[in-house]
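*Asks:* Take this structure, written in structure tokens, and hold onto it; I'll ask about it next.
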């Protein structure tokens, strides 16, 4: 059975870019006759806004985006991440790293870890991150919208962090563990996360977890080409006027809703959208202006 998911971070209210990701994953799941799950990625307390998680869920309900089952909160899954990390360490696939950002920047190409702490044994007493060794891994996969993707992890990324120096687990590890736990068969999300997918596939291989399919939707950008996000102060969605934003999101994803959709209700709008959803209609560009 098809299982999809929408996994927002509670760092602020939903905005149009969030709605595009939710819409694409929802329509894909419903058009496949499958389940659509909601997972709250609340494992980065310094970035989280109090009350944002509840506000996101209320907004999804106001927009008629009903999910299946209970919401999974990543904050309840810390022990599962710890077990996965212990497995990586025990199998020799991970190591402690005491490098600062300045150390890394001085030692090699920007954004690529130079391997300074690789090969050291044991865990230091002071603050340290845990990194996964990539070896000579070259990861390729076929994205359902963006096409073939290939990444030489050693040359383009380097050994990457799975637990931060402040003790918090990194997105790359948590998302892999939870997608497997929830039985997600396909990940539909924004193309801003396309570059991180090979790292996740590498982790899936190391942990013996299944690799889902991937479909990376175009990211909504403003007139300056900046991704709509909480960091760029994207306007929050107005839950009192859901149809206007829904129709805009459907058009962004290549569907052609008529003005009559604005005269109905959200249930009718989603029923129409599910019946019309087709991967061939999705714009393949990784970013599109709103």
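*Asks:* DSSP beta bridges in the chain, what fraction antiparallel, as a percent rounded to 5?
*Replies:* The antiparallel fraction comes to roughly 55 percent.
*Asks:* Another question about this same structure. Given the chain reduced to its alpha-carbon atoms as identical point scatterers, what log10 I(q)/I(0) does the Debye formula return at q = 0.10, 0.13, 0.16 Å⁻¹?
*Replies:* Taken in order of the listed q values, log10 I(q)/I(0) reads -0.57, -0.94, -1.35.
*Asks:* In segment 188-290, how does Rg compare with the Kirkwood Rh, expressed as the Rg/Rh ratio over alpha carbon atoms?
*Replies:* Rg/Rh: 1.04.
*Asks:* How many angstrom lie between the Cα centre of segment 25-99 and the Cα centre of segment 118-138?
*Replies:* Their Cα centres are 25 Å away from one another.
*Asks:* For a test of the definition: using alpha carbon positions, the gyration tensor, and the 1.5 limit on a/c, classify segment 81-197 as rounded, prolate or oblate.
*Replies:* Oblate shape, in that a/c is at least 1.5 and b/c is the bigger or equal ratio.
*Asks:* Can you figure out the FRET efficiency of residue 87 with residue 116, using R₀ = 35 Å and their beta-carbon distance, to the nearest 0.05?
*Replies:* That gives a FRET efficiency of 0.90.
*Asks:* I've got another one for you. Can you compute the helix-only [θ] at 222 nm over the chain? Use -39500 (n - 2.57) per DSSP H run of at least 4 residues, normalise by all residues, nearest 500 deg cm²/dmol.
*Replies:* Estimated from H runs of four or more residues: -10000 deg cm²/dmol.
*Asks:* Then there's this: Among rounded, prolate and oblate, which fits segment 235-290 when a ≥ b ≥ c are the square roots of the eigenvalues of its C-alpha gyration tensor, a/c under 1.5 means rounded, and a/b larger than b/c means prolate?
*Replies:* oblate
*Asks:* For segment 131-255, give me the percentage of DSSP beta bridges that are antiparallel, rounded to the nearest 5 percent.
*Replies:* Counting DSSP beta bridges with both partners in segment 131-255, the antiparallel share is about 65 percent.
*Asks:* Tell me, 216, 205 in order of fewest to most beta-carbon neighbours within 10 Å?
*Replies:* 205, 216
*Asks:* OK, next. If we count other beta carbons within 10 Å of each Cβ, what is the order of 65, 57, fewest first?
*Replies:* 57, 65
*Asks:* Taking the chain as a Gaussian network, where each spring joins two C-alpha atoms under 10 Å apart, which residue of 194, 27, 217 fluctuates the most?
*Replies:* The residue with the greatest mean-square fluctuation here is 194.
*Asks:* If you don't mind, another one. Taking Cα atoms, how many degrees apart are the long axis of helix 16-31 and the longest axis of the chain, rounded to 10 and kept between 0 and 90?
*Replies:* Between helix and principal axis, roughly 80 degrees.
*Asks:* Note down the relative contact order for the chain as a percent, whole number, built from C-alpha pairs under 8 angstrom at least six residues apart.
*Replies:* Relative contact order of the chain: 23 percent.
*Asks:* Using only the alpha-carbon atoms, how far is helix 52-62 inclined from the longest principal axis of the chain? Give it as 0 to 90 degrees, nearest 10.
*Replies:* For helix 52-62, the angle is close to 30 degrees.
*Asks:* Using a Gaussian network model of the chain with C-alpha springs under 10 Å, which one of 235, 53, 191 is most mobile by mean-square fluctuation?
*Replies:* 235
Only the coordinates and a few stated rules stand behind these numbers; no lab work does. For clarity, every value in this text was computed on a predicted model and none was experimentally measured. Note: ideal-geometry Cβ built from the backbone for every residue, glycine included; neighbour counts use all protein chains shown.
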